[in-house]
Structure formats: structure tokens, C-alpha cells
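Working notes, structure below.
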Amino acid sequence: MVTMAHAEITLQHAGASEDCRAARGEIAPRPFGSDSRDQNLQRAKRDCNIFRQAAIDAERRKADAEQAKQAAREQAIKDEQDRIIADEEREIQDQQNEVARQKAIADAKLRAAEMQRTYDRQMEEARVRAEAKAIEDAKPINVLFRAYTRYVWVDICHQNREGYLMVFINDVEMERAEKAIHAIIEQQKQRDPNLDTDLAYNEAVKEFKRMSRPINGSFCKDWAYNELLNMSPAPAYVVQKPQ
């Protein structure tokens, strides 16, 4: 908008023009062709008004341009302020993210350390249990119990196919199994003279009944017969040097 001061200056400039002075009667209007003095005066008034309006329009355009520049400057200042604020907010967010990241790393390390402690404790407990089980399994009564359990199965496997062409345990293997169990009994009695062989055998029979699994060649040979022979201190086969 054109201010009052600008409008006043504009009108003063317009009023100083020759046409406006003539329109006010301060000077004679310029002659124009064959026009009369009144026609020249009317023309001067018209030209004065045109000049005054043109001056006002020019001032208005100048004011609008200045206003546009001011608005652009204000917008640039606002944009810069917004940028600074955005940068500060981004920096604050980055700092918060870094704090959160460091906390997450610290929490992860704590969880990893706790998991490691739990794993170490479980491994130690498992080691202690394994050692205790190994000690318990190594007792003569338990060694003989396991040997009797396999011997019972070998005997059942031998009887199961008795009279058939195909057998699970043949007579020779049954003899080897008997030699193996006797060798195990003697070995464990040496370790514990008070060893209760009846208790171990009766528990083995109970274990056989609890297992209640189908009889097949693989189980009879691999689990029962071969493991029994492996437990025996006496060799299953005697090889002599040829003479």
C-alpha cells in the first residue's frame, strides 16, 4: 500500500508539472493546434490528472515491489530460522538416538553377560551331575546291573528264535555271553566282596520287563550282545600264535 507520505510526495511532484500548474491557473496552458484557451485548459487538467495517476501508480508499483522484497526477506529469515530449528531438533534427535543406542548396547552386553553366567552355571551343574552319574555308574552294583540287563536280553533273544533256521542269537554267541557275564561278575566282586549279585540280577529282570520293546536282530546284536561283550574284561575271541 502507498503510504500517506509517499502519496503526498507524489502529488507534490505531479502538482509541479506544467499541465497541473496550468490547470490551477498559475500559468497559461500550452496552445494545442487550433484549440481554444478553454479547450487547452481542459486538456491541461486531463493531462494533469493522467500524470498524477501515473505517478501514483508508479509509486504503488514501487511500494508493491518493496513490499514483495520485504516479504521475501522476511520469508528468507523465517526459512533460515526454520532451518536452524530443524538442525537443532535433528541434533537433539541424533543425541537421543545415540543415547538410546549406547543404552541398547549396554543392555545387550548385560544380557549377554547374564546369558554367559547362566550357561556357565548350567555347564558346571551338568558337569557335576555327569561326574556324580559317572561315579554312581562305576559302582560295582550298577556295573553288574547293566551287564545283567544286557545278558537277560541276550538270553531272551536266544530263546525267541530257538528251533528256527534264522536266529537272533545263536548257541555259540550265547556261550560267549555266558563267559562274558561270569567274567564281569568276578571282576566286580574283586572290587566289592560284599556285592549282592541277586539284587543286581533281580533289578535287571525288572528293567527288562519295564523296557517292554519288540525283539529284533539289530537290538539283540548291537545293544545287548555286543555291549555285553564290550563290558567284559575277558576277550570274546582267543587268538593263539600258530606253531
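The values are calculated or read from the model by the stated rules, or taken from the named source; none is laboratory data. This one's a predicted model, so the numbers in the text were calculated from it and none came from an experiment. Glycine also receives a Cβ, built like all others from the backbone with ideal geometry; neighbour counts cover every protein chain displayed.
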TODO: Please enumerate the residues belonging to segment 180-195 that are within 60 Å of the chain's Cα centre (by Cα) and part of a loop (DSSP other than H, G, I, E, B).
DONE: Asp192, Leu195
Task: Members of segment 176-227 that are of a type in the set (Phe, Trp, Tyr) and out of contact with any Asp or Glu (no Cβ under 9 Å at 6 or more places or on another chain) - done: Tyr201, Phe208, Phe219, Trp223
Open item on the list: If the requirement is being in the same structural domain as His158 (by TED's automatic domain parsing) and in contact (Cβ under 8 Å) with a residue 40 or more places away in the chain, which of these qualifies: Asp222, Asp198, Asp171, Asp192?
Closed with: Asp192
Task: Where Ser212 falls short, out of the listed (1) on the phi < 0 side of the Ramachandran plot; (2) of a type in the set (Ser, Thr, Tyr); (3) surrounded by fewer than 18 Cβ atoms within 10 Å (Cβ to Cβ) - done: (1)
Open item on the list: So if I check each of Arg83, Arg90, Arg60, Arg73, which one is among the basic types (Lys, Arg) and at pLDDT below 85?
Closed with: Arg60
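Do the conditions hold for Tyr119, that is, is it of a type in the set (Ser, Thr, Tyr), in the same structural domain as Ala224 (by TED's automatic domain parsing) and on the phi < 0 side of the Ramachandran plot? First the steps, then the outcome.
On the way: of a type in the set (Ser, Thr, Tyr): yes; in the same structural domain as Ala224 (by TED's automatic domain parsing): no; on the phi < 0 side of the Ramachandran plot: yes.
Taking the combined requirement at face value, the residue does not satisfy it.
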- [ ] Inspect segment 127-143 for any residue being under 26 Å from Ala177 (Cα atoms) and not in a helix (DSSP H, G or I) and give the result as yes or no.
- [x] yes
- [ ] Report, by residue number, each residue of segment 144-179 that is in a loop (DSSP other than H, G, I, E, B), among the charged types (D, E, K, R) and in contact with a Phe, Trp or Tyr (Cβ under 7 Å, 6 or more places away or on another chain).
- [x] Arg161
